[in-house]
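The values are calculated or read from the model by the stated rules, or taken from the named source; none is laboratory data. Remember, predicted model here, so these are calculated numbers, not experimental data. Ideal geometry is used to build each Cβ from the backbone, glycine not excepted, and the neighbour counts take in all protein chains shown. Ligands, DNA and RNA are excluded from the accessible area calculation, which covers all protein heavy atoms including side chains. Shrake-Rupley method; radii C 1.70, N 1.55, O 1.52, S 1.80 Å.
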Amino acid sequence: MKNKSVLKISFIALFAAIICFGCFIRIPLGVIPIVLQNALCILCAVLLGGVLAGAPAALFLIAGLIGLPVYSGGTGGLAVWLGPTGGFLPGYLLGAVVAGFIAGKPSVTEKKLTVKVVVRVSAAVVTGLVILYIPGVIRFSYWATAAGKVPADKTALAYTMAACVIPYIPGDILKAVIAIPVALKLRPVLAQYLYEDSNKY
């Protein structure tokens, strides 16, 4: 039991480090760059599943909040949270928790792929990527309105969707296409190391 606990902590720390490393991979696109951190948060959550799912994302967010340069572009600190795109940060955690809940705890039985497993993991990845946008859209919409950035012929929501969501859909589809098979491959491997009852299946 002690060894399993150490392994769980180790994997949480490793996945948090991977998410942090993702800050160096970004493609400028308008106000919000294309990043890998959103997909990494969701992938790590789906790999761990269950109650552990949100832990790497939470650790990543705390690291950035205390000032470590782990957010997109090597930024960090409270100022990022208070900026126009700050809502996407809690969205990472929300998306991770939801994705982990849908995926559930991994099992070694998933080595044998079934339609149910593929659908569940796919739904977890896609839903997580969608959910993480919600706080970001709310925050950016509020900021755009307060800053007078919304054109007269558009609503705040329409402006936000055009600036923060629609241009990134193709990239997120590609991320999901890559993340889903990776998750399907690695979940049963992690299960045999992380869970006491994995050898009972």
- Which ones in segment 77-96 are open to solvent by less than 30 Å² (accessible area, probe 1.4 Å) and either over 18 Å from Thr127 (Cα atoms) or among the basic types (Lys, Arg) (or both)? Gly77, Gly83, Gly86
- Task: Please find, among Leu186, Leu132, the residue that is within 24 Å of Val97 (Cα to Cα), touching a Phe, Trp or Tyr at 6+ places or on another chain (Cβ under 7 Å) and not hydroxyl-bearing (Ser, Thr, Tyr).
- Result: Leu132
- What helices (runs of 4 or more DSSP H) completely inside segment 84-189 contain at least 1 residues that are among the aromatic types (Phe, Trp, Tyr) and closer than 19 Å to Cys44 by Cβ? 88-103, 133-146
- Note on the structure: The correct count of residues that are among the polar types (S, T, N, Q) and either touching a Pro at 6+ places or on another chain (Cβ under 7 Å) or open to solvent by 20 Å² or more (accessible area, probe 1.4 Å) (or both) in segment 34-76 is 2
- So Leu14 fits all but one of (1) closer than 22 Å to Ile134 by Cα; (2) open to solvent by 70 Å² or more (accessible area, probe 1.4 Å); (3) modelled with pLDDT of 95 or more; what number is the exception? (1)
- Go through segment 112-136 residue by residue and tally those that are surrounded by fewer than 20 Cβ atoms within 10 Å (Cβ to Cβ) and either touching a Leu at 6+ places or on another chain (Cβ under 6 Å) or farther than 21 Å from Arg187 by Cα (or both). 4
- Query: Are any of the residues in segment 161-181 aromatic (Phe, Trp, Tyr), over 30 Å from Leu78 (Cβ atoms) and touching a residue at least 60 places away in the same chain (Cβ under 8 Å)?
  - Reply: no
- Across segment 66-76, what is the number of residues that are over 12 Å from Phe88 (Cβ atoms) and within 17 Å of the chain's Cα centre (by Cα)? 2
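If you check Pro28 against the conditions, is it surrounded by fewer than 20 Cβ atoms within 10 Å (Cβ to Cβ), modelled with pLDDT under 95 and over 17 Å from the mean Cα position of the chain (by Cα)?
yes
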